[in-house]
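Following: one structure in structure tokens, then a few remarks.
The values are calculated or read from the model by the stated rules, or taken from the named source; none is laboratory data. Here the structure is a predicted model, which is why all the values come from computation and not from measurement. Quick reminder, even Gly has a Cβ in these numbers, built from the backbone with ideal geometry, and neighbours come from all protein chains shown.
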Amino acid sequence: MLEYGRPGIRMRNFTSLTTLGLILTLSSPHAHADEGMWLFNQVPKAAIAKKYGFTLTDQFARQLQLGSVRFNNGGSGSFVSGQGLLFTNHHVGMDCIQKVSSPTNDYVKNGFSAATRAQEKRCPDLEINILQSIDDVTAKVNEGLSDATPPSEANQKRKEAQSRIEKECVAAGGERCDVVTLYAGGLYHLYRYKKYTDVRLVFAPESSVAAFGGDPDNFTYPRYCLDVAFFRAYDKDQPVVPQHFFPWSRAGAKDKELTFVSGHPGSTGRLATMTELEYQRDVSFPMTLSRLRGMRQALDKFMATSAENKRAGTELLNGVLNSLKAIEGFNGGLHDEALMARKREDENKLKKAVADDPAKAARYAKTWDEIAAAYERYRALNAPFAVFERSLSGGDLMGIARDLVRYTAEKAKPNPQRLREYSETALPAVEQRMFSDAPVSPGLEVAMLENYFTWAQATLGAAHPAMEKALAGRTPRAAAEAIIAGTKLADIAERKRLAASAEAVQSSSDPLIQLLLTLDAPAREVRKRYEDQVEASLRGAATRIAQIRFAMYGDREYPDATFTLRLSYGQTLGYKNAKGQDVPWSTVMGGIYPKVTGQEPFALPKNWLDGKSALNLKTPYNFVSTHDTHGGNSGSPTLNTRGEIVGILFDGNLEGLPNRYVFTDSMARSVHVASQGILESLRKIYRADSLVKELTR
């Protein structure tokens, strides 16, 4: 699966896998093959027509844009009926599926199917966004700034401008407005969204079918997964009637067919400098991997103690395992000498273009030295910045406590002076998180808080003043147990009481609030140093070099992924693996049965074993394509040239993980569930007649 530590799962702020992706180096000055995560106002229509003979019209692009949705927990999806029916991956929907489950109704393990609208289950804190428009606001963000403006001042003024523009957009009728940073500051676009916060679960298969093969098969192919889920968007307690939705294809996916994927890739590093790549390889990724491995050990220990603990920890463990495998793949790319040599050669070409032009050299030649100096400063800040700010994560309640502390403090400030994530337009999403009625597992909270304390001590040293104060002479385990036993934050009424008053938070005796107040001072201090000493310099460098690239290449280059809507095009196509063996474009449903062992993760539920004889075992099940996709694209619709659903993206193969930095399609593939296999399962295994009727009418 493709989330790579997606926001929204219990990892909270533990989602920043890279630092700034600077627009300093591309794998090539022009996209090749089926490369490109294209902005919807930058679709390469001529390239598509030249290669595939298909004319992508503005009307078709608009249909793709308005039929696609973003799930705020880090995934993608689409409308697939005129009654608000939403289509995404099981692993994208699993956050909700877990939250509407209980010890007596485990919908993750056993699946869920609503026969009527009344049986659909509302997700506690899920929001979906539909992109309505894109406007270039670069001039507004940079107004009054010049190369002479001190970097820290320029950085702060840009953030103030972004908050102001978003507020003006909402006041003018936008339901959600985000100023998106592209090319690490080369461009700023205002994205205006329609949003829905009443989203209800309609159907989910059993997790053993959705993620058949589990972690061993993750990022591999051939695959046999029914990684799908259906939800419904409501507005004022009535199903939404979307402007656009994607009909289900009657024919389904075909070999070597041109298809499109519209979704929200999270982040890539194709525009990163060598300095950044080396920083990730030597500093950032080793720390992240160490953190994830510690979380895995803590979860394994917690989940081994009871069936209920196993249920409570399943979704978080899946996210940790997915992130571990993904980052190991990314890190492998950064240790690949050929990949790094190619990136170095590309960067040297850009440097030469600057050096050969005296005017450019006078203005830009020192930029790479500035970047190197900024990353040297970042090395000194990395550990405290990770522990207190970027990767602070010790369970759901710890995240809620952080929100309460900062929400009340930031609300008292003028909007332009707030932390960006607590700006006026961001507060509805913060409130949705804080007041979610999702169930909390006290045991899991203890395990995750203990793990955070253990990691923080190992990273900063046991004698760090903030950690000494937080632990107060206790072991990480004893401190975590006492804090979770003493906190009242599981009570939504108590959260609302605290959120209403900064004084109530500051004077609170709640041990979890006290912990976050203790951690907030060093967190703000190191964040300020990072923003002034690192981010400001890098953002300024990116802006200057973006000007060079735009002059040289115009809109023939696409920006790195930013969890905003992108369009990818490609074809269903098999490949030869590293052993020279032919790998077919599609698997069939019958292929799953020889892999069944009866033991996790290769077990099937009884309905699949009993229903084998009813299935057409030659039905396409999973397939691969050349689409350029990445984490966050999970749940993206796979569409034919008629705008019909032929599949849904759910993964990529291991060979594609280095595509984070350099795109290739010799063996790298995106992996999808075929529309034919989905319908066959719904009809023959689940007898979900009403759902099938809605999809195929």
Inspect all residues belonging to region 150-168 and state whether any of them is more than 30 Å from Tyr530 (Cα to Cα) and of a type outside the set (Ser, Thr, Tyr). no
Enumeration of residues in region 383-413 that are surrounded by fewer than 21 Cβ atoms within 10 Å (Cβ to Cβ) and polar (S, T, N, Q): Thr408
Only listed residue being touching a helix residue (DSSP H, G or I) at 6+ places or on another chain (Cβ under 7 Å) and over 20 Å from Glu389 (Cβ atoms), chosen from Ala500, Ala480, Ala493: Ala480
Among Glu376, Glu370, Glu328, which is of a type outside the set (A, V, I, L, M, F, W, C), out of contact with any Asp or Glu (no Cβ under 7 Å at 6 or more places or on another chain) and within 30 Å of Asn89 (Cα to Cα)? Glu328
Residue in region 227-246 that is more than 24 Å from Thr197 (Cα to Cα) and modelled with pLDDT of 95 or more present: no
At least 1 residues that are touching a residue at least 40 places away in the same chain (Cβ under 8 Å) and closer than 30 Å to Ala521 by Cβ in each: list the helices (runs of 4 or more DSSP H) lying fully within region 297-384 that qualify. 307-334
Condition first: farther than 15 Å from Val228 by Cβ and of a type in the set (S, T, N, Q). Can you find one or more residues in region 599-608 that meet it? yes
Has region 423-433 got at least one residue that is over 23 Å from the mean Cα position of the chain (by Cα), basic (Lys, Arg), part of a helix (DSSP H, G or I) and under 30 Å from Val170 (Cβ atoms)? no
Filtering region 285-302 down to residues that are within 18 Å of the chain's Cα centre (by Cα) and either surrounded by 21 or more Cβ atoms within 10 Å (Cβ to Cβ) or at pLDDT below 95 (or both) yields Thr288, Leu292
Quick one: in region 91-119, of everything that is buried (at least 20 other Cβ atoms within 10 Å of the Cβ) and of a type in the set (D, E, K, R), which residue is farthest from the chain's Cα centre (by Cα)? Asp106
Are any residues in region 102-121 closer than 21 Å to Ala233 by Cβ and out of contact with any Cys (no Cβ under 9 Å at 6 or more places or on another chain), and if so, which ones? Tyr107, Phe112, Ser113, Ala114, Ala115, Thr116, Arg117, Ala118, Gln119, Glu120
Suppose we filter region 519-528 for residues that are buried (at least 17 other Cβ atoms within 10 Å of the Cβ) and either farther than 16 Å from Ala456 by Cβ or not aliphatic (A, V, I, L, M) (or both); how many remain? 3
Provide a single number: the residues in region 498-512 that are closer than 19 Å to Tyr422 by Cβ and of a type outside the set (A, V, I, L, M). 4
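Find the residue count for region 313-347, including only residues that are within 22 Å of the chain's Cα centre (by Cα), farther than 19 Å from Val283 by Cα and among the small types (Gly, Ala, Ser).
Result for region 313-347: 2.
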Looking at region 66-79, which of its residues are among the hydrophobic types (A, V, I, L, M, F, W, C) and touching a helix residue (DSSP H, G or I) at 6+ places or on another chain (Cβ under 6 Å)? Phe71, Phe79
Between a residue in region 196-219 that is more than 30 Å from Gln243 (Cα to Cα) and surrounded by 24 or more Cβ atoms within 10 Å (Cβ to Cβ) and any residue that is modelled with pLDDT of 95 or more and among the β-branched types (Val, Ile, Thr), which pairs come within a Cβ distance under 6 Å, given they are 6 or more apart or on different chains? Ser207/Val108
What's the total number of residues in region 651-680 that are part of a helix (DSSP H, G or I) and over 20 Å from Arg232 (Cα atoms)? 10
Name the residue, out of Pro620, Pro605, Pro601, that is within 30 Å of Gly266 (Cβ to Cβ), surrounded by 15 or more Cβ atoms within 10 Å (Cβ to Cβ) and out of contact with any strand residue (DSSP E or B) (no Cβ under 6 Å at 6 or more places or on another chain). Pro601
If I go through region 36-65 residue by residue, how many of them are within 24 Å of Phe663 (Cα to Cα), of a type in the set (S, T, N, Q) and touching a helix residue (DSSP H, G or I) at 6+ places or on another chain (Cβ under 6 Å)? 1
The residue from Leu679, Leu615 that alone is surrounded by fewer than 22 Cβ atoms within 10 Å (Cβ to Cβ), in contact with a Phe, Trp or Tyr (Cβ under 8 Å, 6 or more places away or on another chain) and in contact (Cβ under 8 Å) with a residue 24 or more places away in the chain is Leu679
Going by the structure shown, is Leu604 closer than 19 Å to Ser68 by Cα and modelled with pLDDT of 95 or more? no
Checklist (1) free of Cβ contacts under 8 Å to residues at least 24 places away in the same chain; (2) in a strand (DSSP E or B) applied to Tyr193, failing item: (1)
Test: residue in region 151-167 that is part of a loop (DSSP other than H, G, I, E, B) and surrounded by fewer than 21 Cβ atoms within 10 Å (Cβ to Cβ): no
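Within region 575-583, identify whether any single residue is touching a Pro at 6+ places or on another chain (Cβ under 9 Å) and not in a helix (DSSP H, G or I), and answer yes or no.
There is at least one residue in region 575-583 that is touching a Pro at 6+ places or on another chain (Cβ under 9 Å) and not in a helix (DSSP H, G or I).
Yes/no matrix, rows are residues, columns are (1) part of a loop (DSSP other than H, G, I, E, B); (2) in contact with a helix residue (DSSP H, G or I) (Cβ under 6 Å, 6 or more places away or on another chain); (3) not acidic (Asp, Glu); (4) not assigned by TED's automatic domain parsing to the domain that holds Ser208:
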{"residue": "Tyr569", "(1), (2), (3), (4)": "no, yes, yes, no"}
{"residue": "Thr587", "(1), (2), (3), (4)": "no, no, yes, no"}
{"residue": "Ala603", "(1), (2), (3), (4)": "yes, yes, yes, no"}
{"residue": "Ser634", "(1), (2), (3), (4)": "yes, yes, yes, no"}
{"residue": "Leu649", "(1), (2), (3), (4)": "no, no, yes, no"}
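Name the single residue, out of those in region 488-518 being in contact with a Lys or Arg (Cβ under 8 Å, 6 or more places away or on another chain) and not β-branched (Val, Ile, Thr), that is surrounded by the most Cβ atoms within 10 Å (Cβ to Cβ).
Leu516
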Condition first: modelled with pLDDT of 95 or more and surrounded by 23 or more Cβ atoms within 10 Å (Cβ to Cβ). Now tell me which residues in region 253-265 satisfy that. Thr259, Phe260, Val261, Ser262, Gly263, His264, Pro265
